[in-house]
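Report on the structure given below.
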Amino acid sequence: MKRLSRLLPDRFILFLLSAVALASFFPAQGQALVVVQWITNLAVALLFFLHGARLSREAIVAGATHWRLHTTIFTVTFVLFPMLGLAFKPLLQPLVTPELYTGVMFLCCLPATVQSAIALTSMARGNIPAAVCSASASSLIGIFITPLLVGLVVAQAAEAHISFDAVGKIMLQLLLPFVLGQIARRWIGAWVQRKKAMLKFVDQGSILLVVYVAFSEAVTGGLWRDTPIPAILGLVVVCVVILAAALLISVLLGKLFKFNTADRITLLFCGSKKSLASGVPMAQVLFAGSAVGAVVLPLMLFHQIQLMVCSVLASRYAKRPMDPAEELEHA
């Protein structure tokens, strides 16, 4: 019976599958979607506030100045992914239409997603300060680098006009709550340290909300309706192959550079994620006048797959025994 229980998915994975099923059959639309998005934003802001209250300033400084880790993450995000898209093109493009593979190359050029990358790093007990710095910086840097990469690796890309709206959203939703949490740490820091179950609930709850909202938007945007089933199946294979290659190489790089376990987790989740929030508005500008839907569809599907796969990995990492340094931190 115990051996059988190991083969069954844990409770969080079942919750994830339920969120995907709920979004597929009952996607949030119209005003309901707006309400759910607000709830998701508030949950993510609460997550960052609590982490700001929990983390010491010494830990934040150490995370921000960990240049070897940040350089490796940015290399995976902005160099490795485009190389994988180009290297796999002869093998994978026959599985989808040329327009869809253009979308695959576009997603390879995007920055990392912020909220879920940090939430997953937290859930897996990775280096949270480094994840906050790296994921936020990736999103900001991507505003400038992504259009250049698209111009280099995607022939159809047009001249882009950069919007700085994403910068303000990142500051308001992520960095501001984190800073407020740091300010409040002197009063509530010890209380937050004792409420480990609450942090876990907020971590996992925010991921479930992100999955439901992202999948709702994908479904209402025509994820199942506008694309032939063979093309969707081929696109699933393409996304899985590229994500698997990125995850595998991230693990190998973590070992090669002799990062500790927490840093390897941060590299895995911050380096392998691609931002749907940044990608959709960029696609509308970079591919104006062309089939934006075909360009965005690979990103929508990849986004769901990366959330599911990385959530499973984070759940597995969370079950590992604590090392002495972690036991001291969580004491």
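What the table shows:
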read-out	value
Per-residue SASA entry for ASP263, accessible area with 1.4 Å probe, Å² rounded to 10	10 Å²
Calculated from backbone phi, Karplus (6.51, -1.76, 1.60) coupling profile of segment 41-54 in Hz, x at Gly/Pro	4, 5, 5, 5, 4, 4, 4, 5, 4, 5, 5, x, 6, 7
Chain lengthening between LEU152 and LEU86 when straightened (0.36 nm per residue, less Cα-Cα)	22.6 nm
Table column - 3J(HN,Hα) (Hz), segment 314-319, Karplus curve with 6.51, -1.76, 1.60, x for Gly and Pro	5, 5, 5, 4, 5, 8
Packing-based order for 252-258, 92-98, using average beta carbon neighbours within 10 Å, highest first	92-98, 252-258
Listed peptides 146-153, 228-235 by packing density, highest first (mean Cβ within 10 Å)	146-153, 228-235
By accessible area with a 1.4 Å probe, ligands and nucleic acids excluded, highest first: order of TYR101, TYR212	TYR212, TYR101
Debye intensity ratio in log₁₀ form over the Cα atoms of segment 69-135, taken at each q of 0.12, 0.16 Å⁻¹	-0.41, -0.64
Segment 208-267-segment 110-155 distance, computed between alpha-carbon centres (Å)	14 Å
Estimated inter-spin distance, ALA190 and PHE257, nm [label 7 Å along Cα→Cβ]	3.8 nm
Whole-Hz couplings from phi, Karplus 6.51/-1.76/1.60, listed for segment 30-40; x for Gly and Pro	x, 5, 4, 5, 4, 5, 5, 4, 5, 4, 4
Largest-first ordering by accessible area, 1.4 Å probe, given options VAL241, VAL213	VAL241, VAL213
Potential lengthening between THR65 and VAL312 on full extension [0.36 nm per residue; Cα-Cα distance subtracted]	86.0 nm
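The values are calculated or read from the model by the stated rules, or taken from the named source; none is laboratory data. Computed from a predicted structure; not experimentally measured. FYI the Cβ positions are ideal-geometry reconstructions off the backbone, even for glycines, and counts take in every protein chain you see. With ligands, DNA and RNA removed, areas are computed over all heavy atoms of the protein, side chains included. Shrake-Rupley method; radii C 1.70, N 1.55, O 1.52, S 1.80 Å.
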